[in-house]
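The values are calculated or read from the model by the stated rules, or taken from the named source; none is laboratory data. Computed from a prediction, not measured in an experiment: that's the story for all the values here. Cβ: placed from backbone, ideal geometry, glycine included. Neighbour counts: every protein chain shown. When the accessible area is computed, the model is the full protein with side chains, heavy atoms only, and any ligands, DNA or RNA have been set aside. Shrake-Rupley method; radii C 1.70, N 1.55, O 1.52, S 1.80 Å.
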Amino acid sequence: MAEATAAELIKNFSRYMDIAQREPIAVKSHGRVSTYLVSATAYEELQRYRQIGQQSFATKDLPFDLISLIAQCRMAPEHDCHNALLNPA
């Protein structure tokens, strides 16, 4: 991923706009990433993913085989305390 300081971005904006068409650019201010410059296509794709992520589905609407697979899932061992919550009492 390309990086630029805010000052570099301002001085060479058209150059960085061209780069952003190919890859995101991390824009740093005071040594820390404060913003990302991305293409319109990448931004629109992100918005589509956000909309999908906000949708919810009722378990009753899922096929039984998918419910069974979900019920078999477990978290990584460092989260065993949470896995215990998944076990029927």
Residue count, the range 56-69 (criterion: surrounded by 10 or more Cβ atoms within 10 Å (Cβ to Cβ) and not small (G, A, S)): 4
Residues of the range 1-35 satisfying the condition of being outside any helix (DSSP H, G or I) and either open to solvent by 100 Å² or more (accessible area, probe 1.4 Å) or within 30 Å of I70 (Cβ to Cβ) (or both): M1, E3, Q21, R22, H30, R32
Of the residues that sit in the range 42-72 and are at pLDDT 75 or above and among the aromatic types (F, W, Y), which one is farthest from the chain's Cα centre (by Cα)? F64
Mind listing whichever residues of the range 36-54 are open to solvent by less than 90 Å² (accessible area, probe 1.4 Å), without any contact (Cβ under 8 Å) to a residue 24 or more places away in the chain and not in a helix (DSSP H, G or I)? V38, S39
Look at the range 73-89 and say how many of its residues are under 25 Å from the mean Cα position of the chain (by Cα) and loosely packed, with under 10 Cβ neighbours inside 10 Å. 4
Result of the Cβ filter at 7 Å on the range 67-84, keeping first residues that are on the phi > 0 side of the Ramachandran plot and partners that are at pLDDT 80 or above, at least 6 apart or interchain, is none
